[in-house]
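This report concerns only the one structure given below.
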């Protein structure tokens, strides 16, 4: 599993920790690789990898917009 240049892998105790940004395709492959690790071996932690696929970025922008709207007087945001 070759990480993109934007992802750094480090070993912390019994975990392989990935940090950075990656597209959802790499994150999916990383999850699959984590499931294939031997029981009792290191844990592959990708919780610190941010999804930068276009869909994830659009969702983040939308959530930021909704959050800003909800702070405006007279605007009610229903979820």
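Does anyone have the angle between helix 24-35 and the longest principal axis of the chain? Alpha-carbon axes, 0 to 90°, nearest 10?
In the chain, helix 24-35 runs at an angle near 40 degrees to the longest axis.
In nm, what is the difference between 0.36 nm times the number of residues separating residue 29 and residue 63 and their Cα-Cα distance?
Net length gain for the segment: 9.6 nm.
Nearest 10 degrees, 0 to 90: what angle lies between the long axis of helix 54-70 and the longest principal axis of the chain (Cα atoms)?
Result, in degrees: 40.
Could you calculate, for the chain, the ratio of the Cα radius of gyration to the Kirkwood radius, expressed as Rg to Rh?
Rg/Rh: 1.18.
Of all DSSP beta bridges located in segment 7-70, what percent are antiparallel, nearest 5?
Working: 6 of 13 bridges.
The antiparallel fraction comes to roughly 45 percent.
Using a basic spin-label model with each label point 7 Å from the Cα along Cα→Cβ, how many nm lie between residue 53 and residue 70?
2.5 nm
Go ahead and estimate [θ] at 222 nm for the chain from helices alone: -39,500 (n - 2.57) per DSSP H run with n ≥ 4, summed, over the residue count, rounded to 500.
Helix-only estimate at 222 nm: -12000 deg cm²/dmol.
The numbers here are math on the coordinates, done by the rules we state, and not lab data. What you are looking at is a predicted structure, and each value in this text was computed from that prediction instead of being measured. All Cβ positions, even for glycine, are placed from backbone atoms using ideal geometry, and neighbour counts span all protein chains on display.
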